[in-house]
Amino acid sequence: MNTVDVVIIGGGASGYFCACELLLNDPNLKVEIWEKSNKTLGKVRVSGGGRCNVTHDIRESRTLLKKYPRGGKYLKEKLNQFGVDDTEKWFLAQGIPLKTEGDNRMFPITNSSETIAACFENTFKKLGGTLRIKTSIETAEFDQNQWKLQTTDQDWVQARFLVMAIGGLNENKSQWLQKITPTAVTPLVPSIFTLNIDDPVLHSLAGVAVAKGRIKYEGIKSDYEGPVLITHWGLSGPAVLTSSAWHAVDLFERNYEINVQVGWIVDKNEDAVRAQLQEYLELHKNKNIRNAVAFGLPKRLWDWILDRSEISPEKECIALRKEERNRLIENLMRSKFEVSGRTTYKEEFVTAGGIKLDELDSDGAFKGNSQLFAIGEMLDLDGVTGGFNFQAAWSTAFVCAKKIRSMG
């Protein structure tokens with residue numbers, strides 16, 4: 001029977017980071033990564049449009065934790081041990097400086113996700129790690145402080161530590177997990193997705209975006225500000241993706257059928273908006289309304305709002321009646337749409353739900369077995385889009401590796 005120190009199940013972000021962190025600190029460890037598919041680091045490679053959004057430039061933990069709809073309390077201690085500063089230093093130590101963009105997302109300076117994937121793969125291999133693809137656990141036994149693992153190829157491996165890093169759970173993964181260790185799992189639902197809107201006229205505006213818009217679901221108190229993008233299937237952009245993360249469960253329970261209000265401007269003070277519009281119309285009183293694009297909106301969007309407000313585009317600004325101005329303001333601030341489903345945002349797809357965090361100690365070990373760990377996206381822990389889920393992966397993996405090293 002082959003004997004190793006650590007077997008890590010899952011060749012994704014958290015699994016590779018944990019493995020590299022172990023070997024960088026103790027190259028004498030025998031570490032294996034078992035990956036069920038024939039490819040590793042798939043989400044790393046597609047993240048950020050192929051550039052890999054490594055983390056987000058929020059250095060203060062209290063502010064950073066506000067970006068996690070679920071699991072923030074559990075993550076807090078991990079961020080205190082390995083936060084954004086530490087992530088930046090870690091990659092720099094591997095020869096990969098990060099850069100911060102205008103929206104505070106952080107990427108490798110090369111603008112290529114392959115830089116990050118190659119870093120993990122090369123570091124792991126150089127330090128003597130073993131990767132097994134198309135390999136998973138068939139049976140697992142824990143006896144005399146050792147794991148005895150049978151692979152799907154019927155090989156037997158003995159390991160002191162077993163680290164689960166299998167990514168977002170689904171029904172099949174959850175059933176498989178129960179065979180390894182019976183554990184409580186919160187309901188699994190998609191998070192970070194775009195909205196399907198069955199409106200061909202809206203679809204004709206695909207590609208039009210506002211830099212500062214607002215998303216609010218009817219019957220749900222919160223609203224979300226940020227860029228809003230019109231697509232050929234409905235609505236996307238950071239404001240939509242953030243709202244879908246925070247209300248992943250709410251929208252799932254409604255079968256993704258709900259009314260959504262879009263503010264094409266972020267000001268929620270209707271009196272202030274009315275005053276700004278009136279001032280603008282007076283300033284351009286002799287222009288046709290179609291040529292007096294207000295609030296810096298894209299021209300195609302302005303034309304669509306006028307049509308939706310039943311205002312003739314040839315009408316002079318000075319001639320707008322009170323009821324027309326009211327309809328215009330309503331559609332500027334609260335354009336209403338019926339959501340009819342969701343579309344996966346493939347680059348950032350995340351699962352809300354996972355292993356209940358009270359099943360684990362603060363270092364990621366299961367409370368019933370200090371030599372079995374769970375890290376990364378399989379936990380009931382997820383963030384909004386923007387590098388936050390990768391940061392959770394790095395932080396939970398770091399703390400896990402630190403604990404394993406401390407146990408000798």
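The values are calculated or read from the model by the stated rules, or taken from the named source; none is laboratory data. Just so it is clear, the model here is predicted, and its values are computed rather than measured. Methodologically, a virtual Cβ is constructed for each residue, glycine included, from the backbone with ideal geometry; neighbour enumeration extends over all protein chains shown.
Miscellaneous remarks
- One residue from L127, L98, L75, L149 being in the same structural domain as G42 (by TED's automatic domain parsing), over 30 Å from I192 (Cβ atoms) and in contact with a helix residue (DSSP H, G or I) (Cβ under 7 Å, 6 or more places away or on another chain): L127
- Of note, K403 satisfies the criterion of being closer than 27 Å to K76 by Cβ, basic (K, R) and modelled with pLDDT of 95 or more.
- Residue in the stretch 50-67 that is out of contact with any His (no Cβ under 7 Å at 6 or more places or on another chain), in a helix (DSSP H, G or I) and farther than 27 Å from P190 by Cα present: no
- Within the stretch 389-400, residues that are without any contact (Cβ under 8 Å) to a residue 60 or more places away in the chain sit with their Cβ atoms under 8 Å from residues that are not in a helix (DSSP H, G or I), at 6+ positions apart or across chains, in these pairs: N389/V350; N389/D382; N389/G383.
- Filter pass, I318 being under 24 Å from K216 (Cβ atoms) and either part of a helix (DSSP H, G or I) or touching a residue at least 60 places away in the same chain (Cβ under 8 Å) (or both): no
- Residue within the stretch 368-379 that is within 10 Å of the chain's Cα centre (by Cα), among the aliphatic types (A, V, I, L, M) and within 23 Å of L41 (Cα to Cα) present: no
- K216 being surrounded by fewer than 16 Cβ atoms within 10 Å (Cβ to Cβ) and more than 17 Å from the chain's Cα centre (by Cα): no
- Filter pass, P187 being under 30 Å from G234 (Cβ atoms) and loosely packed, with under 13 Cβ neighbours inside 10 Å: yes
- Close Cβ contacts (under 8 Å, 6 or more residues apart or on different chains) running from residues in the stretch 204-221 that are more than 26 Å from E253 (Cα to Cα) to residues that are of a type in the set (K, R) comprise L205/R300; V208/R300.
- Flag if I329 is β-branched (V, I, T) and under 22 Å from G263 (Cβ atoms): yes
- Single match in D57, D26, D85 (criterion: within 16 Å of G383 (Cα to Cα), surrounded by fewer than 20 Cβ atoms within 10 Å (Cβ to Cβ) and in contact with a Lys or Arg (Cβ under 8 Å, 6 or more places away or on another chain)): D57
- The set of residues in the stretch 268-279 that are touching a residue at least 24 places away in the same chain (Cβ under 8 Å), surrounded by fewer than 18 Cβ atoms within 10 Å (Cβ to Cβ) and of a type outside the set (K, R) comprises E270, Q278.
- Residues that are in contact (Cβ under 8 Å) with a residue 12 or more places away in the chain and part of a loop (DSSP other than H, G, I, E, B), drawn from the stretch 321-368: R334, Y345, F349, G353, G354, K356, S362, D363, G364, G368
- Filter pass, S309 being closer than 15 Å to Y217 by Cα, in contact with an Asp or Glu (Cβ under 9 Å, 6 or more places away or on another chain), free of Cβ contacts under 8 Å to residues at least 60 places away in the same chain and crowded, with 20+ Cβ neighbours inside 10 Å: no
- The residues of the stretch 266-299 that are in contact with a Lys or Arg (Cβ under 8 Å, 6 or more places away or on another chain), of a type in the set (D, E, K, R) and either part of a loop (DSSP other than H, G, I, E, B) or under 30 Å from N196 (Cα atoms) (or both) amount to a single one, K268.
- Within the stretch 241-265, if we keep just the residues that are surrounded by fewer than 17 Cβ atoms within 10 Å (Cβ to Cβ) and touching a Lys or Arg at 6+ places or on another chain (Cβ under 8 Å), the residue that is farthest from G386 (Cα to Cα) turns out to be N259.
- Failed criterion for E377 (all others in (1) crowded, with 17+ Cβ neighbours inside 10 Å; (2) in a helix (DSSP H, G or I); (3) not assigned by TED's automatic domain parsing to the domain that holds I166 hold): (3)
- Wholly within the stretch 74-150, strands (runs of 3 or more DSSP E) carrying at least 2 residues that are under 28 Å from the mean Cα position of the chain (by Cα) and more than 20 Å from K39 (Cβ to Cβ): 98-100, 105-108
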